[in-house]
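A short worksheet on the structure shown next.
What follows draws every value from the coordinates through simple rules; no lab data is involved. Note that this is a predicted model, so its numbers are computed, not measured. Positions of Cβ are generated from backbone atoms using ideal geometry, with glycine treated the same way; all protein chains shown enter the neighbour counts.
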Amino acid sequence: MFRMGTRFPARMVLLLFGLGGAGIAIGAGHAGMAAAGPVRCEIRVDSTDGMTSLEGVVHADKAVSGSYQFRVKSSGASGRSNLDQGGDFTAGPGNPATLGSITLDTRGARYDASLTVTLNGKTIECADRTGGAI
């Protein structure tokens, strides 16, 4: 496309670098906004003595209400299980809402957990997995 030794005007080089930097900044900005939005969900995981507790949690910068689905699929030596919890919630600043919880025997087991939060017609999802897909 270009021959070796081809020279570009300094303005052209600066423009190309500027456009590339803007593209990186725009991509990073979208990812940052999703992670730092006014409503955030998480799946808390606590493992102790071969048992794992999973909790769906939503954090909000202002008072909100909505609905949720907390799903966990697990598979291990003791068999398979599917848990599906859901309902309505309210959350606000300094008052995160716990949206479902489960404790699993995870010695040699795998699980897939997902939390879907819906409020004002918008959906937020988060997920966690251990031991590979089920």
Requested in this report: Distance from a point 7 Å along Cα→Cβ of Thr103 to each backbone N in the stretch 41-56: keep the residues under 18 Å and list them by number.
Outcome: 44-56
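If you take all C-alpha pairs in the stretch 39-130, what percent of them are over 14 Å apart? Working shown, then result.
Details: 2590 of 4186 pairs.
Above the 14 Å cut-off, the stretch 39-130 has 62 percent of its Cα pairs.
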Query raised in the report: When you count, for each residue, the other Cβ atoms within 10 Å and take the mean per peptide, how do 62-73, 82-93 rank with the highest first?
Result: 62-73, 82-93
